[in-house]
1. How do the pairs read when you match residues in segment 198-225 that are touching a residue at least 12 places away in the same chain (Cβ under 8 Å) and over 15 Å from residue 330 (Cα atoms) with residues anywhere that are assigned to a loop (DSSP other than H, G, I, E, B) and charged (D, E, K, R), using Cβ under 8 Å and keeping only pairs 6 or more apart or on different chains?
2. If residue 247 passes every condition in (1) modelled with pLDDT under 85; (2) hydroxyl-bearing (Ser, Thr, Tyr); (3) out of contact with any Lys or Arg (no Cβ under 9 Å at 6 or more places or on another chain) but one, which one does it miss?
3. Out of all the residues in segment 21-47, which are outside any helix (DSSP H, G or I), surrounded by fewer than 19 Cβ atoms within 10 Å (Cβ to Cβ) and touching a helix residue (DSSP H, G or I) at 6+ places or on another chain (Cβ under 7 Å)?
4. Looking only at residues in segment 188-210 that are under 15 Å from residue 242 (Cβ atoms), in a helix (DSSP H, G or I) and of a type outside the set (D, E, K, R), which one is farthest from the chain's Cα centre (by Cα)?
5. In segment 22-34, is there at least one residue being in contact with a strand residue (DSSP E or B) (Cβ under 7 Å, 6 or more places away or on another chain) and at pLDDT below 95?
6. For a quick check of your reading: which strands (runs of 3 or more DSSP E) sit entirely within segment 68-187 and have at least 2 residues that are among the hydroxyl-bearing types (Ser, Thr, Tyr) and either in the same structural domain as residue 309 (by TED's automatic domain parsing) or modelled with pLDDT of 90 or more (or both)?
Amino acid sequence: MENNSKKILIVTGETSGDHHGAKVIKALQELAPDISVCGIGGEELKKTGAKLLYHSRDLSVVGIIEVLGRAPHILKAFQAVKKQIQTSPPDLLILIDYPDFNLRIANMAHKKKVPVLYYISPQIWAWRKGRAKKIARIVDKMAVIFPFETKFYREVGLPVHFVGHPLMDREPDQKKTSKELTSLKQSNDQPVIGLLPGSRKGEIKNLLPVMLKAADIIKKDIPSAQFIIPLAPGIKREQIDAILSQSGIDLKVTADCFYETLEVCDIAIVASGTATLETAVMQKPMVIIYKISFLTYLIGKMLIRVPFIGLANIVAGKKIVPELIQKDANPEKIAAETMAILKDRHRLEEIKTDLASVKKTLGEKGASKKVALLAHEMIK
């Protein structure tokens, strides 16, 4: 790279952030081909030519207590970014989600007078609305993915841009849909039920066994029911094989065709998180479930200020689909809620209509390109 090329430092913390970050960098490279990029991310960011200071695979975790097990990795990653900012300050720092880590990075960059662009805002609307003032002091521009987020930052004078949700750019490729997937949808008398246990090892360990037991209950009541697991990006087949081997359920597992698999499902049992929005964008009815450590749950219950945990319900502002949390996320209740929706055609269609409204709220396509334009303006 030439000495006068602009230096970008980007920090993502998990699989989804790696995907979104890579999309932004690709779009930015079209606007400024000579930029050099380094940071924290995964395989997708690496494919853009970015130099990885630390791989994000060891940073992905959910829960206040659970994060302690990742503390050594998180500290090493932080030190790597700190060293980069101190020894070779970038022309722009792009932060994507991962708020507890990234806000500390933003504070450090601010002290070094490095411009900060934050994409996918910390969910202050769910936790601490008063945090917006602190964020405004250390972030130069905020790119948000939900329209209701803009007011929190405008009120504290932080330049904020609603760019739409990046999920709007990820739709099923009909050409990619295999004959195997298409053959599942032979008739409405053979419902296809998706099992989406999450994109983190801890989620899969906690939730997949419960989902499989629920599937067994459903199968006994609806013998023609079919089950399928679309592997989340970043999750390898061997991570779930050990759990599947202990189940007698006949199901299919697909890889590298998440949306195509979801397209053929009639309903899905989904771990709370981004997957609930992905399912909503596909307008597929779902049952949202989640389990974390009891202590993390108690702490979260005291801090969270929203009435729902599922992003689909949060965006809608009402409970469109059932949520089963902690002790309620048991096989019997999961199976009962799933079958109640499947057997009620009117409710199925009502949910689909509500989910269509959620999709409309998420904005137009092109979020990554809009963020890249913001970044390009900041390095001119």
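The values are calculated or read from the model by the stated rules, or taken from the named source; none is laboratory data. Computed from a predicted structure; not experimentally measured. FYI the Cβ positions are ideal-geometry reconstructions off the backbone, even for glycines, and counts take in every protein chain you see.
1. 199/14; 200/14; 224/189
2. Condition (3) is where residue 247 drops out.
3. 32, the sole residue that qualifies.
4. Among them, the one singled out is 209.
5. No, the conditions are met nowhere in segment 22-34.
6. The qualifying strands (runs of 3 or more DSSP E) are 116-119.
So that you can scan it fast, the table gives a plain yes or no per residue for (1) among the small types (Gly, Ala, Ser); (2) modelled with pLDDT under 65:
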site	(1), (2)
275	yes, no
284	no, no
289	no, no
303	no, yes
306	no, yes
310	yes, no
313	no, no
